[in-house]
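Below is one structure, written out as structure tokens; comments come after it.
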Amino acid sequence: KMEPADKAPAPAPAAKSPRGFPRGAATIGIIILISSISLLSSGCSNLRSFTLQDSEQLDTESGGPTTKGIRARNKNNNENDADKFSLARTQSFGFFNDITNDNWKLLQNMVAQHWNHKFPERPLTHHPTWRGAGQSGQLHIPAWYQTNFEPNFSCQFEKRIGATGEESRGNGDGPKWICDPHRIKRLAAERKAQDPNHPGCVIYSVGSAGDFSFEKGMEEELGPGTCEYHIFDMGDFEEKMKLQNISRAHFHRWGLDTQGEENIQPGAEFYGLKDTVKLLGHDNLDVIDVFKIDCEKCEWRIYRDWLLSGLPSLQQIQVEIHSGNIGKMHQAEKHDHDISPEIPFFEFLEEAGYVRFHKEPNIQYNDGSCEEYAFLKLDKEFFAARKKMLAERNITRVDI
């Protein structure tokens with residue numbers, strides 16, 4: 001049967017792909033898929049950070065984020081990241097620069113909740129010089145230290161520093177516990193970058209008795225030339241010190257005693273700390289990074305001089321304290337209600353902003369009556385929660 005002449009013939013069916021789709025549609029689909037993959041590949045690094053806030057910074061002509069908008073966002077992110085560490089950085093005088101505010105608050109809370117005494121109303125319990133009401137057995141200094149003034153702070157990377165060679169291998173009586181020594185190295189580099197004439201870091205070591213394992217260990221830990229070492233002792237150990245090959249180490253043959261009027265006499269056997277700092281030209285320093293002292297009970301006479309106005313701040317104090325004796329105390333500590341110097345010593349340092357991050361009994365040469373303590377200086381704002389906690393406890397001593 002013939003079709004009408006005016007009726008156009010039907011178009012031939014489109015060729016199909018093996019899966020039944022029109023070839024044109026398959027090609028378009030492939031192109032779209034490839035374009036999508038390309039778009040995702042180029043933009044995947046920005047997907048996490050691009051937010052609705054960026055829509056306010058779109059370039060209306062191109063439809064993409066403006067360079068100005070991205071830079072502003074990155075700047076805000078950097079500022080926010082830095083702010084995450086602001087509490088620790090500020091309250092440690094720059095020593096801690098990578099502890100988050102949340103973790104720093106945990107440390108604040110740990111200090112706030114700490115008890116300095118097992119018997120807070122009778123902190124002289126076990127002290128052999130106290131014979132008042134409530135006193136019982138174990139009247140000796142090791143028992144007293146076991147029940148009072150434990151560490152109340154934690155340094156994540158504290159390290160016992162002593163020479164790693166045969167003279168100590170980091171063990172024995174000479175090495176000391178240092179809070180995060182890598183931070184000292186960082187601060188030294190920052191100071192040198194700001195002022196090439198700055199010594200970097202400064203370490204005072206009082207009372208060595210010819211044992212330089214600590215100073216040697218510090219140089220091994222921090223690197224040669226990082227710190228300036230000033231070693232004080234009454235003995236003639238200068239030549240022995242030189243054999244250690246500690247760079248920038250200086251030996252001073254004098255001891256520390258109470259600071260009197262500033263009237264420095266050359267060649268004296270003893271100087272106060274303020275006179276010592278002035279003699280060494282350190283009175284313009286902001287900080288002495290480590291103040292290590294073992295002076296056989298002189299600590300009870302001179303510890304208040306460590307914090308005199310006009311002195312550099314002592315960032316860390318490593319001190320061996322010896323069994324107290326009222327006869328050896330500084331006149332200022334002869335209170336009617338304390339017959340031992342230990343409690344005023346610890347309370348004075350805490351009030352001045354020091355936390356205790358390590359405690360170690362010396363049992364090599366005695367029965368534990370000598371204790372090695374390590375302190376770290378923090379801003380007084382750090383102790384706000386502790387002051388509140390102490391007020392709430394409202395402890396009244398009855399051994400006075």
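The values are calculated or read from the model by the stated rules, or taken from the named source; none is laboratory data. These numbers come from a predicted model, not from an experiment. Positions of Cβ are backbone-derived with ideal geometry, glycine not excepted, and every protein chain shown enters the neighbour counts.
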- Task: Take the range 263-279 and flag every residue that is of a type in the set (Gly, Ala, Ser) and under 18 Å from TYR204 (Cβ atoms).
- Result: ALA268, GLY272
- From the list LYS278, LYS297, LYS274, which residue is surrounded by fewer than 18 Cβ atoms within 10 Å (Cβ to Cβ) and part of a helix (DSSP H, G or I)? LYS278
- Please specify each residue of the range 139-157 satisfying the condition of being among the β-branched types (Val, Ile, Thr) and either outside any loop (DSSP other than H, G, I, E, B) or in contact with an Asp or Glu (Cβ under 7 Å, 6 or more places away or on another chain) (or both). ILE141
- Query: Of the residues that sit in the range 150-192 and are of a type in the set (A, V, I, L, M, F, W, C) and touching a Pro at 6+ places or on another chain (Cβ under 9 Å), which one is surrounded by the most Cβ atoms within 10 Å (Cβ to Cβ)?
  - Reply: ILE161
- Task: State yes or no: is GLY327 over 22 Å from GLN138 (Cα atoms), of a type outside the set (A, V, I, L, M, F, W, C) and at pLDDT 95 or above?
- Result: no
- Message: Return the residues of the range 360-397 that are in a helix (DSSP H, G or I), among the charged types (D, E, K, R) and in contact (Cβ under 8 Å) with a residue 60 or more places away in the chain; say none if nothing qualifies.
- Response: GLU381, ARG386, LYS388, ARG393
